[in-house]
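All remarks here apply to the structure that follows.
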Amino acid sequence: MPGPSYTGGAPHLVRRIGAGRATKFYVCPGCNQNIPPGVAHIVAWPKDFGRGADDRRHWHRHCWDRR
């Protein structure tokens, strides 16, 4: 799946996180707003590089869809 524009559209792997598995606060890079615990969201990371936790980004679903 193509990634955000700031990555030059590099391919990303995407995982959907359901509300029941969302247990931490994250900041969405699409809108710089909090994703609180209990909110379903997307986790995306570059497919070809950066497999570590530091490379994963948590996005609101609507922010990922409009990236």
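The values are calculated or read from the model by the stated rules, or taken from the named source; none is laboratory data. No experiment lies behind these values; they were computed from the predicted model shown. A quick note on method: Cβ atoms are made from the backbone with ideal geometry, for glycine too, and the neighbour counts reach across all protein chains shown.
Observations
- In the condition set (1) modelled with pLDDT under 95; (2) surrounded by 12 or more Cβ atoms within 10 Å (Cβ to Cβ), G8 is compliant with all but (2).
- Some residue of the range 17-35 being basic (K, R), modelled with pLDDT under 95 and touching a strand residue (DSSP E or B) at 6+ places or on another chain (Cβ under 9 Å): no
- Scope the range 38-48; condition assigned to a loop (DSSP other than H, G, I, E, B), out of contact with any Gly (no Cβ under 6 Å at 6 or more places or on another chain) and closer than 17 Å to R15 by Cβ; matching residues: V39, K47, D48
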